[in-house]
Amino acid sequence: MVREILAVIVTSKQQASSGHVTDWVNPGDKSGEFKRQVSSFRDWISRESGAKYPPEKGRYHVYVSYACPWAHRTLITRKLKGLKDFISYSVVHWHLAEGGWRFVTKDEKEPGENVVPDPMEGHEAFTHLRQVYFESEKQYEGRFTVPVLYDKKTKRIVSNESSEIIRMLGTEFDDLIEAKYRSVALYPESLRSQIDETNTWTYDLINNGVYKSGFATTAEAYERNVVALFEAVDKAEKHLSAQKDGPYYFGKAITEADIRLYVTLVRFDPVYVQHFKCNIRDIRSGYPALHRWMRSLYWGHAAFKETTQFEHIKWHYTRSHTQINPLAITPVGPLPHILPLEEEVRAVKAAVGKL
Ligand SMILES: N[C@@H](CCC(=O)N[C@@H](CS)C(=O)NCC(=O)O)C(=O)O
């Protein structure tokens, strides 16, 4: 995780002064490389006595976008840990434009649950997520990212770093929730070193790798990153095909490794293959073990299926990144967005002799 944070050394000031929301690579940066900013709000909900943010039912809220893989991590974790009645959430409009994420108006109807105007008391006039950032820090100069974990009591942002939010949700409410949810251990002691090791390359080369490929502004930066991305996806495929006690990444129980890889892979064929040019292979025809694993999460668990909103995902990327897709036309396929568990694309069926 340290690497995750260090990998992204762009000061918030640089980002803010760069001008446009679509300036993912700072104009003037000759490297053409996308460098993710470091998250600024890094407090913790903690059950240690005297903690500034203790776990309490109904006290916290998460602002998310259904489009965003980092925010998606928090929605899956919230559901897997049975935190429905403990932590509320709301969803921003899928379109990211100048001024950052905005809330829907009360007359707008977008697909999915909880796509609502800012529901916080006192936020009735808020139109954009940036107002939540400014409420916490008047001089905030970074990007206005989701997810945001918000404390209703102090009206402060606790954290805007998803890797840390999922850790808090994963353990800090355990004294309050039902036993069946307490036993869901997403970062169990016995697997920590393996999860940490996997997180390091999955984050850098896959989760962030799709962005580094897609946002690159030189052919060299794109090619270097897309090749590294596919080497890492090959490595994940190899790991999963050797995993005999599945169905999960590390065997019999879901861990955060499943969550962190799923959020990128489920967006891969619908968006990253064409929009971010991550097209050396696609998942459905090129990666049988990953394809099966991803679909078993989606079709087998409400926490994955109900939090995956393909319309938000497709519309957000293809209509917000006008530097990549200036006409903002959303490609229709591939259809379906995700295949049923027992279905395969024709090429795969032919290869296994089922045609
Ligand atoms: N480190 C953050 C990254 C979050 C992030 O980059 N979110 C994107 C959406 S996928 C965002 O909100 N971007 C808006 C912007 O940069 O203006 C995390 O993992 O929580």
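If residue 46 meets every condition in (1) among the polar types (S, T, N, Q); (2) closer than 26 Å to residue 209 by Cβ; (3) more than 19 Å from the chain's Cα centre (by Cα) apart from one, which number is that one?
(2)
Go through segment 4-51 and give me each residue that's part of a helix (DSSP H, G or I) and either at pLDDT 85 or above or more than 12 Å from the ligand (Cβ to nearest atom) (or both).
From segment 4-51, those part of a helix (DSSP H, G or I) are 4-6, 12-17; that's our starting set.
Matches in segment 4-51: 6, 13, 14, 17.
Give, as residue ranges, the helices (runs of 4 or more DSSP H) completely inside segment 288-355 that count at least 1 residues that are over 18 Å from the mean Cα position of the chain (by Cα) and polar (S, T, N, Q). Break it down stepwise before answering.
On the way: elements: 288-300, 302-305, 310-320, 346-351.
Hits in segment 288-355: 288-300.
Which condition breaks for residue 243 when tested against (1) more than 21 Å from the chain's Cα centre (by Cα); (2) surrounded by fewer than 22 Cβ atoms within 10 Å (Cβ to Cβ); (3) modelled with pLDDT of 95 or more?
If we test residue 243 against (1) more than 21 Å from the chain's Cα centre (by Cα); (2) surrounded by fewer than 22 Cβ atoms within 10 Å (Cβ to Cβ); (3) modelled with pLDDT of 95 or more, just (3) comes out false.
List the number of the failed condition for residue 100; all other conditions in (1) more than 23 Å from residue 255 (Cα to Cα); (2) near the ligand (Cβ under 10 Å from one of its atoms); (3) at pLDDT below 95; (4) crowded, with 17+ Cβ neighbours inside 10 Å hold.
(3)
Right, residue 140: crowded, with 23+ Cβ neighbours inside 10 Å, of a type in the set (Phe, Trp, Tyr) and within 16 Å of the ligand (Cβ to nearest atom) or not?
Working: crowded, with 23+ Cβ neighbours inside 10 Å: no; of a type in the set (Phe, Trp, Tyr): yes; within 16 Å of the ligand (Cβ to nearest atom): yes.
Taking the combined requirement at face value, the residue does not satisfy it.
Which residue, of 219, 179, 236, 232, is loosely packed, with under 15 Cβ neighbours inside 10 Å and closer than 26 Å to residue 316 by Cβ?
The match here is 219.
Out of the residues in segment 143-169 that are among the small types (Gly, Ala, Ser) and crowded, with 21+ Cβ neighbours inside 10 Å, state the one that is farthest from the ligand (Cβ to nearest atom). Give the derivation first.
Filtering segment 143-169 for residues among the small types (Gly, Ala, Ser) gives 159, 162-163.
From what's left, crowded, with 21+ Cβ neighbours inside 10 Å: 159, 162.
On the way: 159: 8, 162: 3 Å.
Within segment 143-169, the match that is farthest from the ligand (Cβ to nearest atom) is 159.
Which of (1) crowded, with 17+ Cβ neighbours inside 10 Å; (2) in contact (Cβ under 8 Å) with a residue 60 or more places away in the chain is the odd one out, the single condition residue 128 does not satisfy?
(2)
Residue under question is residue 40, and the condition is that it be closer than 28 Å to residue 124 by Cβ, touching a strand residue (DSSP E or B) at 6+ places or on another chain (Cβ under 7 Å) and surrounded by fewer than 21 Cβ atoms within 10 Å (Cβ to Cβ); does it hold? Quick ask: steps written out before the conclusion?
Details: closer than 28 Å to residue 124 by Cβ: yes; touching a strand residue (DSSP E or B) at 6+ places or on another chain (Cβ under 7 Å): no; surrounded by fewer than 21 Cβ atoms within 10 Å (Cβ to Cβ): yes.
For residue 40, the condition - closer than 28 Å to residue 124 by Cβ, touching a strand residue (DSSP E or B) at 6+ places or on another chain (Cβ under 7 Å) and surrounded by fewer than 21 Cβ atoms within 10 Å (Cβ to Cβ) - is not met.
Residue 57 is checked against (1) at pLDDT below 95; (2) farther than 25 Å from residue 323 by Cβ and fails just one. What number does that condition carry?
Of the numbered conditions (1) at pLDDT below 95; (2) farther than 25 Å from residue 323 by Cβ, the odd one out for residue 57 is (1).
Cβ contacts < 9 Å: first residue in the same structural domain as residue 218 (by TED's automatic domain parsing), restricted to segment 28-50; second residue aliphatic (A, V, I, L, M) and at pLDDT below 85, any location; separation 6+ or different chain. Result?
none
The values are calculated or read from the model by the stated rules, or taken from the named source; none is laboratory data. Just so you know, these numbers come straight off a predicted model, no measurement behind them. We place every Cβ from the backbone using ideal geometry, glycine too, and count neighbours over all the protein chains shown.
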